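Engineer: Here you go, one structure.
The values are calculated or read from the model by the stated rules, or taken from the named source; none is laboratory data. Computed from a predicted structure; not experimentally measured. As a convention, Cβ positions derive from the backbone with ideal geometry for all residues, glycine included, and neighbour counts pool all protein chains shown. Calculation scope for accessible area: heavy atoms of the full protein, side chains included, ligands and nucleic acids excluded. Shrake-Rupley method; radii C 1.70, N 1.55, O 1.52, S 1.80 Å.
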Amino acid sequence: MNYGEIKNFDIANGEGVRVSLFVSGCTHHCKNCFNPETWSFDYGEPFTKEVEDKIIEELRPDYINGLSLLGGEPFEPQNQAALLPFLRRVKALFPEKSIWCYSGYLFDRELLSASRARCEYTDEMLSLIDVLVDGEFVQELYNISLQFRGSSNQRIIDVHKSLESGETVEYKPKSGRIEM
């Protein structure tokens, strides 16, 4: 897997101050995507053990709330294969920090059901993610006032509560309500 960028001290892609990893490779190709260069699986640099170690160090301070995965598309099967061992490591070292993930794939219809995204890594990867922002970016539904997402079709999902209940559960932020 390659990655396009790592943002330290990111406050736009999840609650609090976060470290954000932008993976490469996406087959959605959303109109007016904010990151089209990451559509190519070859874009950026290889995601190596040294890169993992750097992110781990950036996650250590108490003021860092967690990790956010963006893209590209973290749930492309080849990206899942590379991300799963890294997410295991992050959760083992920092169980109190949240993991947010942005995916164009729909939680209930594509990640939990047969689809091109679902593979042998999907269930465990979902179990390690706290919050999933799902759905492709849709230019016609773009709304600058939305918190943590670009278009109104995208949902902010509490993954653990959703997996426990068998229904898609809206994430309730610590700082107040996020309008769905």
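Engineer: Could you please give the count of residues in the range 53-90 that are part of a helix (DSSP H, G or I), free of Cβ contacts under 8 Å to residues at least 60 places away in the same chain and open to solvent by less than 10 Å² (accessible area, probe 1.4 Å)?
Structural biologist: Here the count works out to 8.
Engineer: I would also like to ask the following. If you go through the range 131-147 one residue at a time, do you hit one that is modelled with pLDDT of 95 or more and farther than 24 Å from Asn35 by Cα?
Structural biologist: Within the range 131-147, not a single residue is modelled with pLDDT of 95 or more and farther than 24 Å from Asn35 by Cα.
Engineer: Among the residues of the range 93-145, how many are over 19 Å from Asp10 (Cβ atoms) and part of a loop (DSSP other than H, G, I, E, B)?
Structural biologist: 19
Engineer: How about the range 91-104: which of its residues are open to solvent by less than 70 Å² (accessible area, probe 1.4 Å) and without any contact (Cβ under 8 Å) to a residue 40 or more places away in the chain?
Structural biologist: Answer for the range 91-104, where residues must be open to solvent by less than 70 Å² (accessible area, probe 1.4 Å) and without any contact (Cβ under 8 Å) to a residue 40 or more places away in the chain: Lys91, Phe94, Lys97, Ile99, Cys101, Ser103.
Engineer: Touching a helix residue (DSSP H, G or I) at 6+ places or on another chain (Cβ under 8 Å) and either open to solvent by 70 Å² or more (accessible area, probe 1.4 Å) or over 19 Å from Gln78 (Cβ atoms) (or both): which single residue out of Asp134, Asp123 fits that description?
Structural biologist: Testing whether each residue is touching a helix residue (DSSP H, G or I) at 6+ places or on another chain (Cβ under 8 Å) and either open to solvent by 70 Å² or more (accessible area, probe 1.4 Å) or over 19 Å from Gln78 (Cβ atoms) (or both) leaves just Asp134.
Engineer: Taking the options Ser165, Ser145, name whichever one is under 24 Å from Leu87 (Cβ atoms) and open to solvent by 50 Å² or more (accessible area, probe 1.4 Å). Let's see the steps before the verdict.
Structural biologist: Details: Ser145 fails: under 24 Å from Leu87 (Cβ atoms).
Matching residue, one of Ser165, Ser145: Ser165.
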